[in-house]
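Below is one structure; the comments refer to it alone.
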Amino acid sequence: MNFYVRYFNQETLVKDADEIISFLKSIPEIEIDNNIEDDIKDYVASPNAYPKRYKLRPRIYFIIIKTKAETMEEFKENKTSNILPVNQQYGLSMLLQHREGWYEGTINFKRVEMIPGTSKFRYADTRFVVRCKATCGQECYDRIVDHLKDRVDMRSQYPAAKGKNFKFKYLGMWKDIEN
């Protein structure tokens, strides 16, 4: 696995966290402290395949992307096929895997709420956790969203089931009671 690093028009393709840190330290506008170094090392070691963006100042960022590409030309030639697939936890195969039982689903969504004392509304980040019976992660997601749509403002926004704002965990099989 390699790492594409970019800061404005300065970019490189490196093989490990030390090379990332060396590249960033070579740029005078970027100050790398121990916290950023540790965070970069944690990101490199993690299975997370999402690009990592670091905010240096308002509207000033650098980005790190995990990739299978061996050269910069290969990376630029076909960016989408070189980027590593999304973490299996959020992948479609896990979401649709048929496994009847209890699931714990967590969804972070934008709930519309009224601002007290005014007639204006705002979006509030809201976390909702539920345990429900389902046959797969997708059904768990569908049940959560159906439940929320009946209870919160219809303008609320829900994340995609495959996104990072929905997580689920299989808790175990339910037991059928026979009479």
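The residue that is farthest from residue 97 (Cα to Cα), among those in segment 131-140 that are open to solvent by 30 Å² or more (accessible area, probe 1.4 Å) and assigned to a helix (DSSP H, G or I), is 139.
Every residue, every condition in (1) open to solvent by 90 Å² or more (accessible area, probe 1.4 Å); (2) touching a residue at least 60 places away in the same chain (Cβ under 8 Å); (3) part of a strand (DSSP E or B), yes or no:
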position: 108; (1), (2), (3): no, no, yes
position: 148; (1), (2), (3): no, no, no
position: 152; (1), (2), (3): no, no, no
position: 171; (1), (2), (3): no, yes, yes
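The values are calculated or read from the model by the stated rules, or taken from the named source; none is laboratory data. It should be emphasised that the depicted structure is a prediction, and the values quoted were computed from it without experimental measurement. Counting neighbours? That spans all protein chains shown, and the Cβs are built from the backbone with ideal geometry, glycine included. We work out accessible area using only protein heavy atoms, side chains counted, and drop any ligands, DNA or RNA first. Shrake-Rupley method; radii C 1.70, N 1.55, O 1.52, S 1.80 Å.
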